[in-house]
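Okay, so here's the structure we're looking at.
The values are calculated or read from the model by the stated rules, or taken from the named source; none is laboratory data. Everything numeric in this text was worked out from a predicted model, so none of it was measured. A quick note on method: Cβ atoms are made from the backbone with ideal geometry, for glycine too, and the neighbour counts reach across all protein chains shown. Side chains included, ligands, DNA and RNA excluded: accessible areas come from the protein's heavy atoms. Shrake-Rupley method; radii C 1.70, N 1.55, O 1.52, S 1.80 Å.
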Amino acid sequence: MKETWIKFYRLEATVELMAANPRAFILLCQIAFRAQRTDTFNRHNLDVGEAYVGDYKEIGQTEGQYRYAKKYLEKHGFATFKGTSRGTIAKLTKEEE
């Protein structure tokens, strides 16, 4: 696998998310790691900032914990989720500070 990195800003919202809901933070990290970075061709036809998620065991969560983490991220404006016949597409959203 090609070496990759994720850039996090030390925003108050990031620190608060880690403290308030560590499972949601882990899911957010998974989305960021997998997210499409450019608008070049990709076999899943994902837009920039989108990623397939749903393999909650990969991040050490139960299905219920994963569902709650998704709702939490969506409620607080970190990501949106869309179910498809191929799986769940998560999209990173930009939170205004």
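Looking at region 41-49, is at least one residue open to solvent by less than 50 Å² (accessible area, probe 1.4 Å), modelled with pLDDT under 95, closer than 15 Å to Cys29 by Cα and out of contact with any Pro (no Cβ under 7 Å at 6 or more places or on another chain)? For region 41-49, residues open to solvent by less than 50 Å² (accessible area, probe 1.4 Å), modelled with pLDDT under 95, closer than 15 Å to Cys29 by Cα and out of contact with any Pro (no Cβ under 7 Å at 6 or more places or on another chain): present. Within region 26-40, the residues that satisfy the criterion of being open to solvent by less than 60 Å² (accessible area, probe 1.4 Å) and among the polar types (S, T, N, Q) are Gln30, Gln36.
Every residue, every condition in (1) assigned to a helix (DSSP H, G or I); (2) touching an Asp or Glu at 6+ places or on another chain (Cβ under 9 Å), yes or no:
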site	(1), (2)
Ala19	yes, no
Gln30	yes, yes
Phe33	yes, no
Asp39	no, yes
Asn42	no, no
Arg67	yes, no
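Would you check if there is a residue in region 9-25 being open to solvent by less than 60 Å² (accessible area, probe 1.4 Å), at pLDDT 90 or above and either of a type in the set (Lys, Arg) or under 11 Å from the mean Cα position of the chain (by Cα) (or both)? Yes, because at least one residue in region 9-25 is open to solvent by less than 60 Å² (accessible area, probe 1.4 Å), at pLDDT 90 or above and either of a type in the set (Lys, Arg) or under 11 Å from the mean Cα position of the chain (by Cα) (or both).
Scanning region 60-77 for residues that are at pLDDT 95 or above and either among the basic types (Lys, Arg) or open to solvent by less than 60 Å² (accessible area, probe 1.4 Å) (or both) gives Gln61, Gly64, Gln65, Tyr66, Arg67, Ala69, Lys70, Lys71, Tyr72, Leu73, Lys75.
For region 9-51, filtering for residues that are in contact (Cβ under 8 Å) with a residue 12 or more places away in the chain and touching a helix residue (DSSP H, G or I) at 6+ places or on another chain (Cβ under 7 Å) leaves 9. Within region 78-97, the set of residues being open to solvent by 50 Å² or more (accessible area, probe 1.4 Å), among the polar types (S, T, N, Q) and either in contact with a Gly (Cβ under 6 Å, 6 or more places away or on another chain) or under 15 Å from Ala24 (Cβ atoms) (or both) comprises Thr80, Thr93.
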